[in-house]
1. Can you tell me which residue among P161, P217 is under 18 Å from the mean Cα position of the chain (by Cα) and either buried (at least 21 other Cβ atoms within 10 Å of the Cβ) or part of a loop (DSSP other than H, G, I, E, B) (or both)?
2. Picking from P201, P245, which residue would you name as being within 25 Å of D325 (Cα to Cα) and not β-branched (V, I, T)?
3. So in segment 359-394, with the set limited to residues that are farther than 27 Å from P306 by Cβ and either assigned by TED's automatic domain parsing to the domain that holds T311 or among the charged types (D, E, K, R) (or both), which one is surrounded by the fewest Cβ atoms within 10 Å (Cβ to Cβ)?
4. Those residues that are basic (K, R) and surrounded by fewer than 23 Cβ atoms within 10 Å (Cβ to Cβ), I need them from segment 34-93; list them, please.
5. Restricting to segment 351-373, what's the tally of residues that are within 16 Å of the ligand (Cβ to nearest atom) and in contact with a Lys or Arg (Cβ under 7 Å, 6 or more places away or on another chain)?
6. Considering segment 271-297 alone, what residues qualify as being farther than 20 Å from C197 by Cα and surrounded by fewer than 18 Cβ atoms within 10 Å (Cβ to Cβ)?
7. With the requirement that a residue be within 16 Å of the ligand (Cβ to nearest atom) and β-branched (V, I, T), what does segment 374-396 give you?
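The values are calculated or read from the model by the stated rules, or taken from the named source; none is laboratory data. None of the values given here were measured: they were computed from a predicted structure. When we count neighbours, we look across all protein chains shown, and the Cβ atoms used for this are built from the backbone with ideal geometry, even at glycine.
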Amino acid sequence: MTNRTMTRRDFGSKVITVSAAAAAASLAAPAVLGAAKARVVVIGGGAGGGTVARYVAKGSDDIAVTLINDSPTYSTCFFSNLYLGGFRSFESISHSYDTLAADYGIEVVIDRAAGLDGNGRTVTLANGDTLNYDKAVVAPGIDFKFDAIEGYGPDAVETMPHAWQAGAQAKNLKRQLLDMEDGGTFVICPPPNPFRCPPGPYERISMVAHYFKSYKPHSKIVVLDAKNKFSKQKLFEDGWARHFPDMIEWLPLDITGGVKAVDVASNTIITDDEKFQASVANVVPPQKAGQIAQDAGLADESGWCPIVPETLASLQVPNVHLVGDAIIPGDMPKSGFSANSQAKVCAQAILAELASKQAFKPRFRNTCWSLITTDDSIKVGANYEATEEKIAKIEGFVSQADESDEVRAQTAAEARAWYDAITADIFG
Ligand SMILES: Cc1cc2nc3c(=O)[nH]c(=O)nc-3n(C[C@H](O)[C@H](O)[C@H](O)COP(=O)(O)OP(=O)(O)OC[C@H]3O[C@@H](n4cnc5c(N)ncnc54)[C@H](O)[C@@H]3O)c2cc1C
């Protein structure tokens with residue numbers, strides 16, 4: 001018995017619990033249920049994959065949807081910085097797949113997808129099972145280029161967490177921050193472009209600063225950036241100067257030459273000419289598409305996956321679509337909002353092909369909110385369309401430096417409402 005979640009599917013007014021016996025009966029009685037259903041297998045139950053699975057399942061009763069995720073609980077990276085800052089509990093950013101299984105008839109498989117064979121149209125699970133598909137959607141998020149920083153391999157992440165995949169890593173970083181003495185130094189190393197959530201490191205700096213200001217006011221934050229500029233930079237720097245004067249030192253690439261190595265034993269980060277001894281070290285390494293995308297031949301030499309902008313179909317492997325952080329997203333940032341938006345376009349393309357549903361001209365949207373401190377939030381966003389070459393920005397907006405406290409508080413309230421809305425849109 002594998003650790004599969006049983007599903008219920010609502011056929012009209014009847015809710016049917018699919019037991020092993022019922023499944024066998026349905027196989028034995030195809031005339032009752034009609035022709036074999038098309039099968040969509042989604043790898044990765046995050047912002048992108050969860051949304052595709054839900055939208056395909058609710059879009060047609062003629063498609064069987066299987067969602068594979070390597071853990072029974074998904075903790076969002078979005079709002080994980082707020083968890084670090086003390087604004088959210090870990091439970092409030094953690095979600096199960098129960099509703100997707102119970103209310104949408106999605107077969108949820110808790111296992112790791114170990115391989116995808118584009119010729120045979122099969123996905124192999126770590127437990128050895130093989131699943132056939134008509135369309136596969138690959139949405140595994142990111143993995144790390146562990147060879148990019150000397151000494152920072154998979155073994156280093158316990159001592160120097162990246163916390164760029166949520167769950168255990170975010171908990172680890174929070175525990176280290178709680179255990180740190182007042183007067184300690186938090187060293188954070190934001191990665192080079194492109195990476196998951198461009199404003200994320202700077203929101204994290206803000207949230208750690210908020211925590212230090214309240215509980216460890218003699219502590220410092222040193223930022224060893226792999227870049228010379230960053231998302232919403234003026235807005236963040238203005239917020240840091242107002243709320244956390246003299247606490248944060250941001251050192252761009254031009255000053256340090258970037259992080260070259262780490263010494264895990266002494267919690268030291270090494271740049272061209274200097275060594276930085278950290279009380280808590282948060283090293284976020286360079287990134288690439290999740291490993292399954294690499295192994296399945298979906299990524300190109302950049303480490304990310306090229307797609308057809310109109311449908312999110314892979315340019316490398318037929319009958320496979322990709323959404324979320326793993327793709328080359330044109331002008332869109334790698335964000336949960338983007339992944340959710342791409343997922344709806346992808347679901348529509350699949351429904352058009354497998355269930356003859358009408359396809360509309362795709363539109364994409366994104367907004368990234370960042371909390372600087374209590375009720376002081378900023379945002380950046382845009383609308384996008386599919387061109388021949390890429391997902392292209394149409395028009396955008398960004399918060400202004402001279403906004404009133406009321407506007408900033410309103411932006412923070414918007415962000416909280418967005419979190420509730422997007423997680424309901426992903427997980428039902
Ligand atoms: C600190 C931080 C703050 C952020 N804040 C925001 C924010 O405020 N707003 C926003 O929009 N975005 C934010 N993001 C970005 C957002 O989290 C990601 O862009 C989003 O999660 C990408 O969705 P995805 O579906 O591509 O990947 P994920 O959400 O990571 O989902 C991928 C899932 O697939 C699973 N998986 C991977 N490989 C396999 C496999 N082989 N088999 C089975 N399962 C597999 C993973 O475990 C995971 O559950 C933030 C990110 C970070 C790190």
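1. P161 is the lone residue from the list that is under 18 Å from the mean Cα position of the chain (by Cα) and either buried (at least 21 other Cβ atoms within 10 Å of the Cβ) or part of a loop (DSSP other than H, G, I, E, B) (or both).
2. P201
3. Per the stated criteria, the residue is D375.
4. K37, R39, K58, R88
5. 4
6. Hits for segment 271-297 are D272, D273, E274, K275, Q277, Q294, D295, G297.
7. Residues satisfying the conditions are I378, V380, I391.
Each row is one residue, and each column tells you yes or no for (1) charged (D, E, K, R); (2) in contact (Cβ under 8 Å) with a residue 40 or more places away in the chain.
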| position | (1), (2) |
| --- | --- |
| P252 | no, no |
| A261 | no, yes |
| F276 | no, yes |
| V280 | no, yes |
| A289 | no, yes |
| L298 | no, yes |
| E310 | yes, yes |
